[in-house]
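Structure first, commentary second.
A short reminder: the numbers here are calculations on the coordinates, not readings from a lab. Nothing here was measured: the structure is a model prediction, and the numbers come from that model. With ideal geometry, Cβ positions are generated from the backbone for all residues, glycine too; neighbour counts draw on all protein chains shown.
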Amino acid sequence: MLVRIQLEVVNMIRPQSLLTVVDNSGAKLVKCIKVKKKGGKSYANVGDIVLVAVQSLRPRYGRRVRLKMNKSEIHHGVVVQSRRLFRNKAGVGVSFSSNSIALITSQQKPLGTRISAILPSRLRRLKWAKLAAMAKKII
């Protein structure tokens with residue numbers, strides 16, 4: 001029982017966790033600074049808003065591509081994929097291979113125009129229908 005509890009804590013997104021960015025906003029890797037609106041809990045799941053700092057950027061191709069961000073900038077983001085297993089009411093579980101995020105503005109609008117990942121269907125029910133519409137596929 002003790003081993004199982006430790007594994008669940010590892011798969012949660014906490015401050016200082018590294019996350020991959022799945023939209024085309026310009027960032028590739030970000031670090032979680034703070035979990036917002038959780039009422040004292042210090043971990044995030046799918047659909048939660050986190051404050052992140054950009055660690056690395058995607059390479060620019062062509063001269064006309066304008067960067068939307070710089071390294072070490074602070075942005076808001078929504079957790080869209082998590083390594084933690086989630087079960088729906090039917091008992092079917094969904095987990096992903098990495099912890100991923102989509103960057104948003106402070107007014108909760110997406111920074112990117114495309115999402116290159118498969119998103120869970122529960123993200124649409126958690127008031128993120130705009131992100132779900134931009135996704136490649138929803139499971």
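Computed extension gain for Ala129 through Phe86, at 0.36 nm per residue and net of the alpha carbon distance, reaches 13.6 nm. Using 0.36 nm per residue and subtracting the Cα-Cα separation, the extra length available between Lys34 and Leu51 on full extension is 5.6 nm.
Remark: the Asn24-Lys109 segment gains 29.2 nm on full extension, using 0.36 nm per residue and subtracting the alpha carbon distance. The Kirkwood radius of the range 17-114, taken over pairs of alpha-carbon atoms, gives through the Stokes-Einstein law at 37 °C and 0.692 mPa s a diffusion coefficient of 231 µm² s⁻¹. When peptides 99-105, 125-131 are ranked by their average number of other Cβ atoms within 10 Å per residue, the highest-first order is 99-105, 125-131.
The lysines within cross-link reach of Lys28, meaning a Cα-to-Cα straight distance under 26 Å and a gap of 8 or more places when in the same chain, are Lys36, Lys37, Lys38, Lys68, Lys71, Lys109, Lys127, Lys130, Lys136, Lys137.
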